[in-house]
Amino acid sequence: MIRTAWKNYDNTQIKEINDLSKDYIDFISKCKTERECTTEIVNELENLGFKNITSVDKVSAGDRIYAVHMGKSVIIYNIGTEPIDRGMNILGAHIDSPRLDVKQKPLYEAAEFAYLDTHYYGGIKKYQWVTLPLAIHGVVVKKNGDIVHITLGEDEKDPVFFISDLLVHLSGEQLEKKASKVIDGEALDVVIGSIPLNEKEDDAVKANILRLLEDNYGIDEDDFLSAELEIVPAGKAREAGFDRGMILGYGHDDRSCAYTSFRAIAESGSLKRTACCVLVDKEEIGSVGATGMHSRFFEDTLAELIDLMGEYSELKLRRALRNSLMLSSDVSSAYDSLYSEVFDSKNTAYLGRGVVFNKFTGARGKSGSNDANPEFIALIRDIMDSEGINFQTSELSKVDRGGGGTIAYILANYGMNVIDCGVPVLNMHAPWEAVSKADIYEAKRCYTAFINKADNR
């Protein structure tokens, strides 16, 4: 039976789908790092009248507040009329994606090529990253505190970069290796130049690159020590298929959920329960570090918010967290008929069938998972059905065929009800991933409905 959401739409909804998809394509095309996502989202929030928490002296119902941490995580609040210790409706997503990070001492020359040495970030198939046009995004922080922003490889007038691979004529031994060993992690070095500097004899190509970096950006080799440069696929996200029903782009995991969550809270009106959108870094490496979900930034910011309401107490903070309801807005694997052997077709997500709920993630015996309570799932079902939202349920794969996690279990540690909810993705963690426009649309509708309708029963 075909259960595609596309058959349920009228012409008005088709226009809404395409309008939202256009905005989303623009967002992920220019926001390929967590810093870029944060900057773009904050700019939009400011235009919509949201206030930085550091600029206000008092917070009350109707206020729209945001907080930023280290330029790589952002929390957004729409304050409701109900006391905050009765709980919030929380959307939580991450804005980092798998990529290659430039090492601190990266620049070297070999065989008259200049290279940047990298260390991959998150779970990738290393062989997918060779021979692609690549771009460099990030910041270089000089000793005096000046921040140099670099984005190179995205404009059609920019040069691009690449990682070489062995020609097929000589790769007989290489092709005998396991896929995980075909490309070694230390072989993911990016080719960045080939023209020598005339005045130099040794490492003349490297010297020429350093001259260009000095001329164009005012940075020297030692400045790489305090840089955060990310290697990502070059180019814009694009509509995919003759019918233009899909989007092919870098970073759908998890910016498809982050963007729709942000749009849902940014467009929300007056609310009974306070709405909160948490967009964090470092999920792809375990949500660790100062900007990951394991940090105290979320909890500390909520404490600041309650204090600005003039009613702070540790008990009120704990109650606000425990009584909250959350959608952990993260993507799910989509069924791929070319690799059907790893999926349980009854319990998997399909492109174009709507937003996906995962009762649990984890691996093997649900290890590392938040396992959502059925009472909460019943509430979610009721909201989805009452709003006519197309949704589906899923597991990542057949039992014992793989595993993965989200930030859900971290928030569940506060005692709140949490369930994973997001967009199904083909080619997940590849340089180019695919999603359905319909699922982007249904995710945004789902997050909007949750903000407005969810309540503790």
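Descriptive notes on the structure:
- The residues of the stretch 1-135 expose, per residue, 46 Å² of accessible area to a 1.4 Å probe.
- Cα-only Debye scattering, the stretch 336-431: base-10 log of I(q)/I(0) at q = 0.14, 0.19 Å⁻¹: -0.55, -0.99
- Contact order, relative form, for the stretch 67-203: 24 percent (alpha carbon pairs under 8 Å, 6 or more residues apart, mean separation divided by residue count).
- Geometric extent, Cα atoms of the stretch 159-272 - Rg, Dmax (angstrom): 21.7, 71
- Kirkwood analysis of the stretch 18-59, using all unique Cα-Cα pairs, places the hydrodynamic radius at 11.8 Å.
- One quarter of the convex hull surface built on the alpha carbon atoms of the stretch 205-275 amounts to 9.9 nm², the projected area averaged over directions.
- In this label model, LYS105 and GLU341 are separated by 4.5 nm, measuring between points 7 Å along each Cα→Cβ vector.
- The lysines within cross-link reach of LYS206, meaning a Cα-to-Cα straight distance under 24 Å and a gap of 8 or more places when in the same chain, are LYS103, LYS105, LYS142, LYS143, LYS157.
- q = 0.14, 0.15, 0.23, 0.28 Å⁻¹: log10 I(q)/I(0) that the Debye formula gives for the stretch 379-427, counting C-alpha atoms only: -0.52, -0.59, -1.08, -1.13
- Estimated 222 nm signal from helices in the chain, with DSSP H stretches of n ≥ 4 weighted -39500 (n - 2.57), rounded to 500: -8500 deg cm²/dmol
- Between the Cα long axis of helix 297-308 and the first principal axis of the chain there is an angle of about 50°, rounded to the nearest 10.
- Under a 5 Å amide H cut-off, with hydrogens placed 1.01 Å from N, ARG353 pairs with ALA5 among residues at least 5 apart or on other chains.
- Taking label positions 7 Å along the Cα-Cβ direction at both PHE113 and GLN174, the computed distance is 1.0 nm, reported to one decimal.
- Computed on the Cα atoms alone, the convex hull of the stretch 52-101 gives a volume of 96 cubic angstrom per residue.
- Cα centroid separation, the stretch 1-78 to the stretch 86-112 (Å): 20 Å
- Positive-end residue of GLY249, SER268, ALA207, charge dipole of the stretch 198-287 with Cβ unit charges: SER268
- Rolling a 1.4 angstrom probe over the chain with all protein chains present gives an accessible area of which 49% lies on carbon and sulfur atoms.
- Other residues within the sphere of radius under 11 Å centred on the Cβ of THR151, judged by their own Cβ, net out at -2 (K and R +1, D and E -1).
- With the convex hull of its Cα atoms as the shape, the chain has an orientation-averaged projected area of 24.6 nm².
- Degrees between helix 34-47 axis and first principal axis of the chain (Cα, 0 to 90, nearest 10): 50 degrees
- With every protein chain in place and a 1.4 angstrom probe, the accessible-area ranking of ASP420, ASP385, ASP63, largest first, reads ASP385, ASP63, ASP420.
- Other-chain or far-sequence residues with amide H under 5 Å of GLU433's (modelled H): GLY249, TYR250, GLY251, HIS252
- Calculated from the alpha-carbon coordinates, the stretch 7-76 shows an Rg and a Dmax of 15.9, 50 Å respectively.
- Dipole magnitude (debye, nearest 20) for the chain, charges at Cβ of Lys, Arg, Asp, Glu: 1920 debye
- What the stretch 222-356 shows is 38 Å² of accessible area per residue, with the surface traced by a 1.4 Å probe over protein heavy atoms.
- Longest site-free stretch - the chain; sites: GluC sites (Glu not before Pro), DSSP loop, at most 10 other Cβ within 10 Å: 202-457
- 19 Å reach of a label modelled at SER226, 7 Å along Cα-to-Cβ, counting backbone N of the stretch 81-121: 102-107
- For LYS7, net neighbour charge (Lys/Arg +1, Asp/Glu -1) across residues whose Cβ lies under 15 Å away: -1
- Taking N as the residue count of the stretch 265-379, its C-alpha radius of gyration divided by 2.2 N^0.38 Å amounts to 1.34.
The values are calculated or read from the model by the stated rules, or taken from the named source; none is laboratory data. Model, not experiment: these values are computed from the prediction. All Cβ positions, even for glycine, are placed from backbone atoms using ideal geometry, and neighbour counts span all protein chains on display. Each accessible area value is taken on the protein alone, full model and side chains, heavy atoms only, with ligands, DNA and RNA left out. Shrake-Rupley method; radii C 1.70, N 1.55, O 1.52, S 1.80 Å.
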